[in-house]
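This report concerns only the one structure given below.
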Amino acid sequence: MSKMRAVLIKDGQGPIENLYIGETDKPVPTKGQVLVKIVAFGLNRMDHYQRQGGYPVPPGASSILGVEFSGRVTELGEGVTRWAVGDEVFGLVGGGAYAEFVNLDEGLLLKKPGHLSWVEAASIPENYVTAYQALVKYGEVKKGDHVLVHAGASGVGIAAIQIARELGAATVTATASTAEKLDWLRSIPNGATHTVNYRTEDFAAEVKKTTNGK
């Protein structure tokens, strides 16, 4: 079997010092799957938990860290019709993104827009898709709504703030634990309109002030 390089964990789990670049088996796409050569991958909190042994790998997923990535299609499994070799894509997997190649179902890929860099595209699947699902599919946020985002400085939190602003929310209040985080959240493009330090302020009372009691 062909080999590839990947970020592996000595002893299967442990501190960050246990991470190393080594060789492992290169995945082979089966029916309905696509093999992607990775250009960039995202780093998420769940990766830290998995490295430390606190996040069980989903059944059937690779034990290699990493769930979001961008790259180029290099090989197609039987029956794949949505993609062609050379397509620039980004996607989400149960594991395996900290590697040269990743294998996944063709339905878990999206076409990388030309205006996005590889790094920008790799940052979207886990954070922005999660935030979009919460705000749009479940929360049904619409123009004029007031939105409260907890853990505003997290990856999903930042994505939720920006998506809510794009949707036309009247106010977007974000909570975080330090003045530095709160200042930054107000300064970013489509950032929070209001912020609350949850350690020193009552976010419920502050949101009532912002929304005139709503």
### Message
Tell me which strands (runs of 3 or more DSSP E) are completely within the range 39-154 and hold 1 or more residues being open to solvent by less than 70 Å² (accessible area, probe 1.4 Å), aromatic (Phe, Trp, Tyr) and within 26 Å of residue 165 (Cα to Cα), or say none if there are none.
### Response
68-76, 88-92
### Message
List the residue pairs whose Cβ atoms are under 8 Å apart, where the first residue sits in the range 142-166 and is closer than 17 Å to residue 125 by Cα and in contact (Cβ under 8 Å) with a residue 12 or more places away in the chain, the second is of a type in the set (S, T, N, Q) and open to solvent by 40 Å² or more (accessible area, probe 1.4 Å), and the two are 6 or more positions apart or on different chains.
### Response
155/123; 156/130; 159/130; 161/190; 162/190
### Query
What are the pairs, 6+ residues apart or on separate chains, where a residue within the range 194-214 that is of a type in the set (S, T, N, Q) has its Cβ under 9 Å from a residue that is assigned to a loop (DSSP other than H, G, I, E, B) and exposed (fewer than 15 other Cβ atoms within 10 Å of the Cβ)?
197/177; 197/178; 211/170
### Query
Before we move on, is residue 25 acidic (Asp, Glu) and more than 22 Å from residue 119 (Cα to Cα)?
yes
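Here is a yes/no grid of residues against (1) modelled with pLDDT under 95; (2) more than 15 Å from residue 107 (Cα to Cα):
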{"residue": "10", "(1), (2)": "no, yes"}
{"residue": "23", "(1), (2)": "no, yes"}
{"residue": "33", "(1), (2)": "no, no"}
{"residue": "38", "(1), (2)": "no, yes"}
{"residue": "56", "(1), (2)": "yes, yes"}
{"residue": "60", "(1), (2)": "yes, yes"}
{"residue": "79", "(1), (2)": "no, no"}
{"residue": "93", "(1), (2)": "no, no"}
### Query
Under 6 Å by Cβ, and 6 or more places apart or on different chains, what pairs join a residue from the range 178-191 that is over 18 Å from residue 163 (Cβ atoms) with one that is among the hydroxyl-bearing types (Ser, Thr, Tyr)?
182/195
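The values are calculated or read from the model by the stated rules, or taken from the named source; none is laboratory data. Since the structure is predicted, the reported quantities are computational estimates derived from the model, not experimental observations. Every residue, glycine among them, receives a Cβ derived from its backbone with ideal geometry; neighbour counts consider all protein chains shown. All accessible areas refer to the heavy atoms of the entire protein, side chains included, with ligands and DNA or RNA removed. Shrake-Rupley method; radii C 1.70, N 1.55, O 1.52, S 1.80 Å.
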